[in-house]
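The values are calculated or read from the model by the stated rules, or taken from the named source; none is laboratory data. Computed from a predicted structure; not experimentally measured. Cβ placement follows ideal geometry from the backbone for every residue including glycine, while neighbour counts extend to all protein chains displayed.
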């Protein structure tokens, strides 16, 4: 009797486990399949986008009428943006695929800038046509490589999940067809980058110039002394001093410490020990002082940098801290690229952070300081539907990263505030911003 | 048994009526503190300021307790109308003028309790958000930072947040915060689900600092933990610096 009960119980358990296992397996397969399908979709869309891209670039080369060219270039711009989005959905992050992404971005950038240009006034230059021909060739090569990969994927039923696994685990990735295919695409981009640079189609990296900062190379001991000026009385032995590596834009020395729940971090230039960045992290108690009092504290910290003519242009309160932005002002011109940010605790007004690298990386000398038009003339360039509330002269960086003298207008329309920069030389609208700094709390 | 029932019932009853007396206290009108109120401030003072300016017709938006641009222009217009120096700062002089001018404001308060339009909230209903990022963007980034670098020193967390922002700027990465974070295999915390842990305040503060411009990574777009890094390619990138366990590179 007892034996029978045991046997039947065991049988039920085994069958139950089997059924459970099978169901789990089925569910797992379904989930994997879904992930696989979304990879497949991104991949096939990428190949088809590159295909269309190649055709469209080819067509622009044959076009003569300006009326046709602008919409065509706009279309190219749209397709590159879709292709980049497809790349972003593929598990390629651990694979060197940068150059191809850069290539897509460059085409998009070029197409956009040309599409919005008045081609009747400024037709394509010979250099640009040569550049387009080059792009046509490059996109053709990429298309062929991708088609090859696609062919193998379809023929051999290759799965992207395997690529992900191969990339994520330490496995040697040498024998994976998909990975190899993409590596070939990337390799074929090597030679093209140079030509893109020459035709002015590749975006230039952000300009930072530290050459005007002089000074001797500082020692570890000096670095600690500079840090102590900001952190107060911290024992020398508590500091860790490290040097930046080869990839840094400018060589820096970092001094940091951690003591009694307080964490201090400071970056300074290796030459001359200019303070680039300070961060202090600690528990902040209830706010005792207002934003305005904190602003005057912030000012005293900026004074400590020994920078002249710094003016507070922006202040914001985030819970128990205040963040303030100062810009360099000379002859009533605001130099927005030369900014310093300060973070102050509202419990005791102590310094929590300082960021001056922006200030030091932009020497202000090479800017035209005389506006080519009067303020009234510039005002006429502003949309007449806006009410001008306030204005300044200001230097900002234009889209190419060049410092440009502008009239800055703070304007309102209804409840919105807009900031408009009008180029002081030619009256172009350089930049229009909607000033939105706060958002409703959704969980209140 | 009966006794127990009675006790239970009275306890429940007591619980029900207890909160009632508290509710009546909240109606009291608060006055200004002695701090100067300026652009960017958040709090009771700003609510008071906005409510009074609204009562006088200088301010037309919702009373939300955040001194934004609309409040700034309202203050300047008020200063202009009353012949004061136009600087957008609310000091004692402005407060006195404002309280005097909006005398009817206190009397008007209780009557309008029902209408959403005039009644002032007791706490700010909005927050400052930096650089056009929404609270939810910040939350998502804080999740990623916490999942990726919760054991790291504070600057290491700010650096991870800065890398996300640097990728946003870069041509070779997606153009949205969610695109960068959810790019397949980009972050291990996304792949293994650690991104869905609840982040602490420190992670959120680190994200805010990064958005406000602090970048201890030195413009890095990649970082890796040399002890667990699986890709040999990552070692070929130019290294900027090491913070905690992570090496940051271009």
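Some notes on this structure:
- Residue in the range A:363-378 that is farthest from residue A:267 (Cα to Cα), counting only those that are touching a residue at least 12 places away in the same chain (Cβ under 8 Å) and not in a loop (DSSP other than H, G, I, E, B): A:377
- Any hit, the range A:412-431, residues being in a strand (DSSP E or B), touching a helix residue (DSSP H, G or I) at 6+ places or on another chain (Cβ under 8 Å), buried (at least 20 other Cβ atoms within 10 Å of the Cβ) and within 9 Å of another protein chain (Cβ to nearest Cβ): yes
- Residue match in the range A:379-394 (condition: assigned to a helix (DSSP H, G or I), in contact with a strand residue (DSSP E or B) (Cβ under 8 Å, 6 or more places away or on another chain) and within 14 Å of chain B (Cβ to nearest Cβ)): no
- Here A:147, A:117 are screened, and the one residue that is surrounded by fewer than 18 Cβ atoms within 10 Å (Cβ to Cβ), part of a loop (DSSP other than H, G, I, E, B) and in contact with a helix residue (DSSP H, G or I) (Cβ under 9 Å, 6 or more places away or on another chain) is A:117.
- Single condition residue B:142 does not satisfy, out of (1) within 14 Å of the chain's Cα centre (by Cα); (2) within 9 Å of chain A (Cβ to nearest Cβ): (2)
- Members of the range B:199-222 that are assigned to a loop (DSSP other than H, G, I, E, B) and in contact (Cβ under 8 Å) with a residue 40 or more places away in the chain: B:199, B:200, B:212, B:214, B:215, B:216, B:217, B:219, B:220, B:221
- Residues that are more than 21 Å from residue A:229 (Cα to Cα), within 12 Å of chain B (Cβ to nearest Cβ), touching a residue at least 40 places away in the same chain (Cβ under 8 Å) and touching a strand residue (DSSP E or B) at 6+ places or on another chain (Cβ under 8 Å) within the range A:338-362 comprise just one, A:346.
- Residue that is surrounded by the most Cβ atoms within 10 Å (Cβ to Cβ), among those in the range A:300-317 that are in contact with a strand residue (DSSP E or B) (Cβ under 6 Å, 6 or more places away or on another chain) and within 16 Å of residue B:213 (Cβ to Cβ): A:316
- Residue satisfying all of: in the range A:233-248; more than 12 Å from residue A:270 (Cα to Cα) and more than 8 Å from chain B (Cβ to nearest Cβ); modelled with the lowest pLDDT among these: A:233
- Selection within the range B:193-202: residues that are more than 10 Å from chain A (Cβ to nearest Cβ) and surrounded by fewer than 20 Cβ atoms within 10 Å (Cβ to Cβ). The member of this set that is farthest from residue A:91 (Cα to Cα) is B:200.
- Unique match (being in the same structural domain as residue A:165 (by TED's automatic domain parsing), over 25 Å from the mean Cα position of the chain (by Cα), part of a helix (DSSP H, G or I) and without any contact (Cβ under 8 Å) to a residue 60 or more places away in the chain) among A:67, A:127: A:67
- Exactly one residue out of B:74, B:51 is modelled with pLDDT of 85 or more and more than 12 Å from chain A (Cβ to nearest Cβ): that is B:51.
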